[in-house]
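This report refers to the structure that appears directly beneath it.
The values are calculated or read from the model by the stated rules, or taken from the named source; none is laboratory data. Keep in mind it's a predicted model, so treat the numbers as computed, not measured. For neighbour counting, all protein chains shown are included, and Cβ atoms are generated from backbone atoms with ideal geometry for every residue, glycine included.
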Amino acid sequence: MADEKPKVLNEISEGTGQFDNRFVLWRRFCAETGTPIETLPSDLTGEAREKWEKLKDERLHKPAEE
C-alpha cells in the first residue's frame, strides 16, 4: 500500500536527549490534546495543526533574550 507510512519509533536519540525542547513540547501537546504520541506533526490537520503551530511559535521560536 503506497499510502502507508513507515513506523516511526518513539525513541530518545543521544543527539537530542529526553529534555530537548521540541520533544518535551510535542509530548505536552499530545497529552493535552489526546493525540497519540506516535503521530507526526505533519499528520495533524485542522484545529490540531493550528494549535500545534501556535504552540511551536510561542515556545520554540522565541528570539534569544539578552
query = Of the residues in segment 18-53, how many are surrounded by 10 or more Cβ atoms within 10 Å (Cβ to Cβ), of a type outside the set (A, V, I, L, M, F, W, C) and part of a helix (DSSP H, G or I)?
reply = 12
key: In segment 19-50, residue modelled with the lowest pLDDT [restricted to those that are polar (S, T, N, Q) and in contact with a helix residue (DSSP H, G or I) (Cβ under 8 Å, 6 or more places away or on another chain)]   = N21
